[in-house]
Amino acid sequence: MTDTTETSHWPRRRPLADKVRDAIAADLILNGAVSPGEFLPSEAELCERYSISRVTLRSSMRSLQDLGLLRPRHGVGWMVLSRPLTENFERLGSFTSYSAHPGKPLSLADVSFAISSPNDDVASSLGLAPGNNVIEVNRIALHGGIRTAKLVDYIRGDETTMASIQREFEFSLIEVLLEMPEFPIAYSDAQVEPAILDEPIAQELDVAPGSIATHLSSVTYDDNGRALTYGLAWLLPEHYRLVVRRRPYPLR
């Protein structure tokens, strides 16, 4: 079958695959008919429902995948993903604090606290002399039950400080630190770049090694420019959208 016979009940002003993409999004995804983590009807059912060929359907599905709404699972079908979380870099806060925007709370898994010896990158970022240990906090963020980010933070402090953090920690590490007098955080500098996931992190996020992620590294400072924390995050881009707001300087 070719697509030339499929357009009898679809307007020709837009490509058929785009019309089908929008219809599937409206009928099955955005209205919650198929919940995040569940699978769409089979390709055969969708082709029959929208009177289209598999060629057109797969083009529509790839567009929905590019929008971060679907993920293919080989031999299973197309899984609906949670709506992307939006992070505005103008506000200092944790990614976990933005879960209210899409209406579903985040949860954490594989949370661990430890006193560790920092590698050269961590020590340099925190301005630590050799022999100084740090508090290391690891966790995985889940959204709608799907693993969406690997988070690691390195914090100045000892076992007493770590115990204080653990007592207050639920979801957002930065919000705990902002309440502690020993962490007078004034600002954070962040760097964002694409990254290819190696096998250990890919396994933790339940994706294939070599998958693309958004890599975020950030350092928080006090008013004197002293580094207090160093954080690393690997974010699956279909779940997170990073927004930078730029403002013009006042005219002089």
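Within segment 163-181, how many residues are free of Cβ contacts under 8 Å to residues at least 40 places away in the same chain and not in a loop (DSSP other than H, G, I, E, B)?
The qualifying residues number 5.
Only one of (1) touching a helix residue (DSSP H, G or I) at 6+ places or on another chain (Cβ under 6 Å); (2) in a helix (DSSP H, G or I) is not met by Thr160, so which one is it?
(1)
Among the residues of segment 215-229, write down those that are of a type in the set (Gly, Ala, Ser) and assigned to a loop (DSSP other than H, G, I, E, B).
Quick first cut of segment 215-229, residues of a type in the set (Gly, Ala, Ser) only: 217-218, 225, 227.
Within segment 215-229, Gly225 is the sole residue that qualifies.
Can you name the condition, by its number, that Ala233 falls short on among (1) closer than 16 Å to Ile135 by Cβ; (2) assigned to a strand (DSSP E or B)?
Result: Ala233 fails condition (1) only.
Would you please name the residue that is surrounded by the most Cβ atoms within 10 Å (Cβ to Cβ), looking only at residues in segment 112-127 that are among the hydrophobic types (A, V, I, L, M, F, W, C) and touching a residue at least 12 places away in the same chain (Cβ under 8 Å)? Spell out how you get there, then give the answer.
The first filter runs over segment 112-127 and keeps only residues among the hydrophobic types (A, V, I, L, M, F, W, C), leaving 113-115, 122-123, 126.
Next cut, touching a residue at least 12 places away in the same chain (Cβ under 8 Å) only: 113-115, 122, 126.
Working: Phe113: 17, Ala114: 11, Ile115: 13, Val122: 17, Leu126: 19.
That would be Leu126.
Just wondering, is there one or more residues in segment 156-169 that are outside the structural domain of Leu69 (by TED's automatic domain parsing), more than 20 Å from Trp234 (Cα to Cα), loosely packed, with under 13 Cβ neighbours inside 10 Å and aliphatic (A, V, I, L, M)?
yes
If you scan segment 192-214, which residues turn out to be part of a loop (DSSP other than H, G, I, E, B) and in contact (Cβ under 8 Å) with a residue 24 or more places away in the chain? Full working, then the answer.
Here is the first cut: in segment 192-214, the ones part of a loop (DSSP other than H, G, I, E, B) are 197-198, 205-211.
Residues satisfying the conditions are Leu197, Leu205, Asp206, Val207, Ser211.
Mind telling me which of the residues Arg147, Arg139 ends up being outside any loop (DSSP other than H, G, I, E, B) and over 18 Å from Thr220 (Cβ atoms)?
Arg147
List the helices (runs of 4 or more DSSP H) that sit entirely inside segment 1-80 and contain at least 3 residues that are modelled with pLDDT under 90, on the phi < 0 side of the Ramachandran plot and surrounded by 12 or more Cβ atoms within 10 Å (Cβ to Cβ). Spell out how you get there, then give the answer.
On the way: elements: 16-24, 43-50, 54-66.
The helices (runs of 4 or more DSSP H) meeting that bar are 16-24, 54-66.
Output the residues belonging to segment 206-226 that are surrounded by 15 or more Cβ atoms within 10 Å (Cβ to Cβ) and closer than 25 Å to Leu177 by Cβ. Talk me through it step by step, then tell me what you get.
If we filter segment 206-226 for residues that are surrounded by 15 or more Cβ atoms within 10 Å (Cβ to Cβ), which is where we start, we get 207, 211, 213-221.
Matches in segment 206-226: Ala213, Thr214, His215, Leu216, Ser217, Ser218, Val219, Thr220, Tyr221.
The values are calculated or read from the model by the stated rules, or taken from the named source; none is laboratory data. The structure presented is a predicted model; accordingly, all values stated were derived computationally and were not measured. Cβ coordinates were reconstructed from backbone atoms using ideal geometry, including for glycine residues, and neighbour counts include every protein chain displayed.
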